[in-house]
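The values are calculated or read from the model by the stated rules, or taken from the named source; none is laboratory data. What you are looking at is a predicted structure, and each value in this text was computed from that prediction instead of being measured. Note that we place each Cβ from the backbone using ideal geometry, even for glycine, and neighbour counts take in every protein chain shown.
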Amino acid sequence: MATKDINNQPLVIIVGPTASGKTALAVDIARRFNGEIICADSRTVYKGMDIATAKPTHEDQSTVPHWGIDLVGPDQHFSVAEFKNYADQKIAEIRKRGHVPLMVGGTGLYIDAVLFGYTFGAKPNTETRSKLQRMTLHELREHCNVHHINLPENDKNKRYIIRAIENTNLPKQRNTTPVYKNIIVGITTDKVVLRDRITARIEQQLKNGVVEEAKKLGKKYGWDTEPMKSNIYPIVHAYIQNEISIEQLLTRACVIDWRLAKRQLTWLRRSSLIHWDTPEGLNTYIADRLVSAE
């Protein structure tokens, strides 16, 4: 069912940690309310990175329109500003079709950039980035200290610190209220259940051929591009080089995804706008509000 006033349709935002069931909830809502999904995930924007990033299945994508997937190659840079501009355009197009826009993902900065209408400075300068990459971890931390830049949670990773420095291109003054009429929900999952879901998903990724996927990407793009140095790919690379066993690959991948889930929750729980509940409870919550918005 389509909403009656396309200009008054809320932007439905579904957030939560990795493997919490965001896609399944979003697809069900989209099917019932004539919706289209915008993936807010900094990993699924890359072409060819399908299995490791747990992209929506071909069946889901054929049933419900999905956007924000396969936008650039792993050898290309894709910024928060580019995602924000892309998402704004897609939200407008979806509403123009009389459909309900749903933004779904666990990348908090992507979500905030769209919801609060961030504006951005110039793109990161290639020369500046090269200079930052040549700096030691200690020098990068000192740079942040001198320039009053908040260190990321993982301050032992140069890539994260460099990203934090580059993100100083964000405006010092940001909107404190959303620029879109919205319904924002977050999926709550028991820690034990979430750990089990993460393990099951990685086991399935191994069955689905994530090792072969990594080999192809590594051969085509190299192992040193930023996307190839994240997620499960470095662990698969170590396995391919016979540095670890398949059992160690599984264990380490589970640890990395669990740490990712905790970082995502830390970011998301800062917001008082998110209504948290189980997938079942959120299904009813969203449906009730979409009906009342008609």
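Values computed for the structure shown
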read-out	value
Condition check for A87: in a helix (DSSP H, G or I), crowded, with 21+ Cβ neighbours inside 10 Å, within 14 Å of the chain's Cα centre (by Cα) and not aromatic (F, W, Y)	yes
Among (1) within 30 Å of T177 (Cα to Cα); (2) in a helix (DSSP H, G or I); (3) at pLDDT below 95, the one test that S271 misses	(2)
Condition check for S62: surrounded by 14 or more Cβ atoms within 10 Å (Cβ to Cβ), among the hydroxyl-bearing types (S, T, Y) and either outside the structural domain of K156 (by TED's automatic domain parsing) or in contact with a His (Cβ under 6 Å, 6 or more places away or on another chain) (or both)	no
Within the range 221-278, tally of residues that are of a type in the set (S, T, Y), under 22 Å from I198 (Cα atoms), out of contact with any strand residue (DSSP E or B) (no Cβ under 8 Å at 6 or more places or on another chain) and in contact (Cβ under 8 Å) with a residue 24 or more places away in the chain	4
The listed residue being surrounded by fewer than 19 Cβ atoms within 10 Å (Cβ to Cβ), touching a Ser or Thr at 6+ places or on another chain (Cβ under 9 Å) and either farther than 21 Å from F78 by Cα or free of Cβ contacts under 8 Å to residues at least 12 places away in the same chain (or both), out of T177, T188	T188
Residue ID - surrounded by the fewest Cβ atoms within 10 Å (Cβ to Cβ), chosen from residues in the range 46-59 that are charged (D, E, K, R) and either modelled with pLDDT of 95 or more or within 17 Å of G106 (Cβ to Cβ) (or both)	K47
Residue within the range 235-247 that is outside any loop (DSSP other than H, G, I, E, B) and more than 30 Å from Q133 (Cα to Cα) present	yes
Meets criteria (in contact (Cβ under 8 Å) with a residue 60 or more places away in the chain, among the polar types (S, T, N, Q) and outside any loop (DSSP other than H, G, I, E, B)) for T53	no
Filter result for the condition that a residue is in contact with a helix residue (DSSP H, G or I) (Cβ under 9 Å, 6 or more places away or on another chain) and closer than 21 Å to G73 by Cα, over I232, I244	I232
Among residues of the range 95-147, those that are of a type in the set (S, T, Y) and surrounded by 12 or more Cβ atoms within 10 Å (Cβ to Cβ), counted	5
Looking only at the range 274-294, and only at residues there that are more than 14 Å from I111 (Cβ to Cβ) and part of a loop (DSSP other than H, G, I, E, B), the one that is farthest from the chain's Cα centre (by Cα)	E294
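Residue by residue, here is whether (1) surrounded by fewer than 21 Cβ atoms within 10 Å (Cβ to Cβ); (2) closer than 28 Å to Y285 by Cα; (3) aliphatic (A, V, I, L, M) holds:
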position: L11; (1), (2), (3): no, yes, yes
position: A24; (1), (2), (3): yes, yes, yes
position: R31; (1), (2), (3): yes, yes, no
position: G73; (1), (2), (3): yes, no, no
position: Q76; (1), (2), (3): yes, no, no
